[in-house]
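The values are calculated or read from the model by the stated rules, or taken from the named source; none is laboratory data. Since the model is a prediction, treat every value here as computed from it, not as a measurement. Glycine gets a Cβ as well: all are built from the backbone with ideal geometry, and neighbour counts include every protein chain shown.
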């Protein structure tokens, strides 16, 4: 890493199993995880503006990773960007034409405090959760998502016009929305149907089966033919100046004990819900692909009681998980994870953007 957020330079050789980063808030722990995330998704987990990933007063940034596949092959992933220029993303020194070609090559799941937006935020956060999960194992889904967004933007541009829009052109974009939307709808439906029982099992394990949780997919696709649904709303959409119907309005109903968790859940319950959801996403990706995903756990133990922390530690220490990166402000929780890692771990101290390997062994 060079000039990535507050990290001027870091050259790290990680454990293939557990890697822990200790440091106070604001020291750069999350930035390390974000760079790993970047190499999987071609973007930051927290900031969509690439130039803002660059360290202040720097003219460029680089994030580079050398990966070893489960078959033993080496893969070099590189991302670099100079200020006021476009970023470059390469696999084994060959640049990608489209960044979407890379998504899913290195599957990854991140659990972080910002996941709280899945519960308290708008529906776009919950759609993004589905999109990130499905796109990593299904190239057709990502292609149709890009096509749908393009058609939606074009239709919205026509709806905003002062003069009456061209009816044929409007129909063309509506047909494209419906065609791609039907594919997205079916794949989201199948994903949530498969994910829900895994999610419920993880939640029961972490919470000690204290509460029941559910996850329900809500979509305009439930109303029947998507093209009819979109076209039926055309007059109202014209008044509003944008599209009110389509899979871009999909949502997930998240419930605890039969009621919306947004209204009913305590901080601990909300956090348990989100961690179980992300671990279910991990399990889904592990089962559906050839590669065990990388797991990033950013400051997840805060606001959880001791028994829930214990269950999470047991879960992530199991054989079903591969390489894990964990951050925390103190060693209390991490020492218990490391004790179960059978010596296959590395511990790092992070202070003011400087990352140091801690040689002390348990």
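Things to note:
- Qualifying residue in region 7-30 (condition: under 21 Å from the mean Cα position of the chain (by Cα) and without any contact (Cβ under 8 Å) to a residue 40 or more places away in the chain): no
- Matching option when the condition is part of a loop (DSSP other than H, G, I, E, B) and either farther than 23 Å from residue 300 by Cα or under 21 Å from the mean Cα position of the chain (by Cα) (or both), among 86, 90: 86
- When region 31-46 is filtered for residues that are in a helix (DSSP H, G or I) and either in contact (Cβ under 8 Å) with a residue 40 or more places away in the chain or not assigned by TED's automatic domain parsing to the domain that holds residue 96 (or both), the ones remaining, listed by number, are 31, 32, 33, 36, 37, 38, 39, 40, 41.
- Of all residues in region 210-241 being surrounded by 14 or more Cβ atoms within 10 Å (Cβ to Cβ) and part of a loop (DSSP other than H, G, I, E, B), the one that is farthest from the chain's Cα centre (by Cα): 233
- For region 117-170, the helices (runs of 4 or more DSSP H) that sit wholly inside it and include 1 or more residues that are over 20 Å from the mean Cα position of the chain (by Cα) and assigned by TED's automatic domain parsing to the domain that holds residue 188 are 139-160.
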